[in-house]
Amino acid sequence: MESYREQAQASAADLATVNLSMHADLAIDYFQARSLDAQEQLLNDTVKQYEQALELTQNRFQGGIASEVEVQQAKTQLQTTRAAAIDVGVLRAQYEHAVAILIGKPPAEFSLSPLPLATPPPRIPVSVPSELLERRPDIAAAERRVESANAQIGVAKAAYYPVISLFASGGVESSSITTLLQGPSGLWSVGLSAVGTIFDGGRRHAVSDQARAAYDFQVAAYRQNVLTAFQQVEDNLAAVRILENEATVQDEAVVAAQRSLDLSITRYKGGVTSYLEVTTAQSAALADQVTAVNILGRRMANAVLLIQALGGGWDRYSLPERPECCGKLVSSNSN
């Protein structure tokens, strides 16, 4: 009975693990869509800047200051960026559809209004290892399976004791290897109803060995679950820390690239340099800005993964003390 109760609680923890995983997938897909919103907004803003740059170049060309080559360079930058902004919509639609499926709606009936991701993830309090063991449903499931396997060892040992009932003929039945008789016996009785000895070929010993092997397996699985949990927490803690540092450095790169672009435009207007320098600076500035947006999206995704690794808002006390199936077993056995 104890083994069945532990198995039922393990199943409840398995369900909590799946639920936590689906919520994490939903959050990641949502933030990826918002990150793409930010990237699309950046590209659209850049398109407006490139339109102004093209207008400037055309005016200089008409005034005999710039060449047609420079006009075509400006057009190339503009159209390439427009195409990139349109292309973002493909991946964005896929994440939107993934969100729809995870909340149980047909993609055709669901939409996410654009909302560019702009703020970094919040600070996440990290539990100590002992608290982590209380908060991971997969660890709780593994622990319950260890307890269930341990209870099965007791069941296997109990099989060595005789289960005796009286026949109407006056005989005595022993359905297991008995401690009352020396040697294995499946059935014994007195008088004319006596039958020969039935050997079990060591079945009882095998059942006990199997139970111990199952217990050792579950202990090893539990240990592996715990180590994997610690690794996942450490991996995502490292990712959150490293990406935060990377974001700081990348923001500095964005500022420097924008300053370089401003200087190049000033030099071009003054006739000091060609438009090629401007297009080069434009490409570098846009690339740095896109990278900064992508880093922010990765930070949000890793924050979600860290919360998942910490067990989310779940704890082992969420498991039912007496799962419904176990209650039914108790009532059926008591009848």
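The values are calculated or read from the model by the stated rules, or taken from the named source; none is laboratory data. Computed from a predicted structure; not experimentally measured. Glycine also receives a Cβ, built like all others from the backbone with ideal geometry; neighbour counts cover every protein chain displayed. Please note that ligands, DNA and RNA were not included when accessible areas were found on the heavy atoms of the full protein model with its side chains. Shrake-Rupley method; radii C 1.70, N 1.55, O 1.52, S 1.80 Å.
The set of residues from the range 260-282 being among the aliphatic types (A, V, I, L, M), part of a helix (DSSP H, G or I) and open to solvent by 20 Å² or more (accessible area, probe 1.4 Å) comprises Leu263, Ile265, Leu276. Taking Ser318 and the conditions (1) of a type in the set (Ser, Thr, Tyr); (2) over 30 Å from Glu2 (Cα atoms); (3) in contact with a helix residue (DSSP H, G or I) (Cβ under 7 Å, 6 or more places away or on another chain), which numbered condition does it fall short on, given that it satisfies the others? If we test Ser318 against (1) of a type in the set (Ser, Thr, Tyr); (2) over 30 Å from Glu2 (Cα atoms); (3) in contact with a helix residue (DSSP H, G or I) (Cβ under 7 Å, 6 or more places away or on another chain), just (2) comes out false.
Any residue in the range 94-110 that's farther than 15 Å from Asp25 by Cβ: show its pairings with residues that are open to solvent by less than 60 Å² (accessible area, probe 1.4 Å) at Cβ separation under 6 Å, as long as the two are six or more apart or on different chains. Here the result reads Pro107/Ala100; Phe110/Ala100, each pair linking the range 94-110 to a residue that is open to solvent by less than 60 Å² (accessible area, probe 1.4 Å). The set of residues in the range 283-314 that are open to solvent by 10 Å² or more (accessible area, probe 1.4 Å), of a type outside the set (A, V, I, L, M) and under 27 Å from Ala118 (Cα atoms) comprises Ser283, Asp288, Gln289, Thr291, Asn294, Arg298, Arg299, Asn302, Gln308, Gly312, Gly313. Does at least one position in the range 11-24 carry a residue that is under 29 Å from Gln289 (Cβ atoms) and in contact (Cβ under 8 Å) with a residue 24 or more places away in the chain? Checked against the condition, which is being under 29 Å from Gln289 (Cβ atoms) and in contact (Cβ under 8 Å) with a residue 24 or more places away in the chain, the range 11-24 yields at least one hit.
Residue-wise test of (1) over 49 Å from the mean Cα position of the chain (by Cα); (2) among the polar types (S, T, N, Q); (3) closer than 30 Å to Leu276 by Cβ; (4) open to solvent by 60 Å² or more (accessible area, probe 1.4 Å).
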| site | (1), (2), (3), (4) |
| --- | --- |
| Asn19 | no, yes, no, yes |
| Ala38 | no, no, yes, no |
| Lys48 | no, no, yes, yes |
| Thr57 | yes, yes, yes, no |
| Arg60 | yes, no, yes, no |
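Of all residues in the range 82-104, those that are surrounded by 16 or more Cβ atoms within 10 Å (Cβ to Cβ) and assigned to a loop (DSSP other than H, G, I, E, B) total 0.
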